[in-house]
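Following: one structure in structure tokens, then a few remarks.
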Amino acid sequence: MAVVHGGAVLIRRETGTDAAVIRAVTAAAFAQPDREPPEARLVGELRASPAWIGVLSLVAAEPGGEVIGHVVCSRGQVGQAPVLALGPLSVRPDRQREGVGSALMHAVLGAADALGEPLVALLGNPAYYWRFGFRLSGEYGITPPVDGWRPHFQVRVLTGYQPSVRGTFRFAEPFDRT
């Protein structure tokens, strides 16, 4: 149980009955006028792909069980080395800025580290993700798949990290359609 500004939340693994609510939470978190955001579709496509790592798909739920947030890590690669890609991270808009996203981040990073994963990469705002230990990927000799992403492409090394893991990062194939 994590304590956040709005009270306590339980961080747990996604179950088979969570897919629809995860899609709804993700769609609300990334809402766009007149269309469903690609992030909502991405979670489902990752779930159906070989890159899916079920133990790293976590939800934040209120004590009554209502899902209010979700985070997922899927399989990515740096060169031939298997690594993790984080995202999307979604929190229902009415529960944002209460610490739910932070609780999800700490939980998924801890779980990934416990599994012996070497690193987690993501594309996002450095001002938000640096507090979780993420640094620009170039500091580790890792380049983003799109050169223009350099100011926002970040890596968080874990206990299993080896400095020989260097090169271009590749997301799982479903990310190519977002």
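Keeping to segment 114-133, report how many residues are in contact with a helix residue (DSSP H, G or I) (Cβ under 7 Å, 6 or more places away or on another chain) and either among the aromatic types (Phe, Trp, Tyr) or not in a strand (DSSP E or B) (or both). Even if it seems obvious, please write down each step before you answer.
Filtering segment 114-133 down to residues in contact with a helix residue (DSSP H, G or I) (Cβ under 7 Å, 6 or more places away or on another chain) leaves 120-123, 132.
After this cut, where a residue has to be either among the aromatic types (Phe, Trp, Tyr) or not in a strand (DSSP E or B) (or both) as well, the list is 132.
Result for segment 114-133: 1.
Here's the yes/no breakdown for (1) closer than 22 Å to residue 142 by Cβ; (2) modelled with pLDDT of 95 or more; (3) not charged (D, E, K, R):
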site: 6; (1), (2), (3): no, no, yes
site: 26; (1), (2), (3): no, yes, yes
site: 40; (1), (2), (3): no, no, yes
site: 55; (1), (2), (3): no, yes, yes
site: 63; (1), (2), (3): no, no, yes
site: 74; (1), (2), (3): yes, yes, yes
site: 92; (1), (2), (3): no, yes, no
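How about segment 121-151: which of its residues are in contact (Cβ under 8 Å) with a residue 12 or more places away in the chain and among the β-branched types (Val, Ile, Thr)?
Result: 142, 143.
Hey, can you tell me all the residues within segment 54-78 that are within 14 Å of residue 112 (Cβ to Cβ) and crowded, with 18+ Cβ neighbours inside 10 Å?
Narrowing segment 54-78 to residues within 14 Å of residue 112 (Cβ to Cβ): 54-58, 71-76.
The answer is 56, 57, 58, 71, 72, 73, 74, 75, 76.
Of all residues being modelled with pLDDT of 95 or more, within 23 Å of residue 39 (Cα to Cα) and aromatic (Phe, Trp, Tyr) in segment 101-152, which is surrounded by the most Cβ atoms within 10 Å (Cβ to Cβ)? Just the residue, please.
My answer is 134.
The values are calculated or read from the model by the stated rules, or taken from the named source; none is laboratory data. Not measured: the values here are computed from a predicted model. Ideal geometry is used to build each Cβ from the backbone, glycine not excepted, and the neighbour counts take in all protein chains shown.
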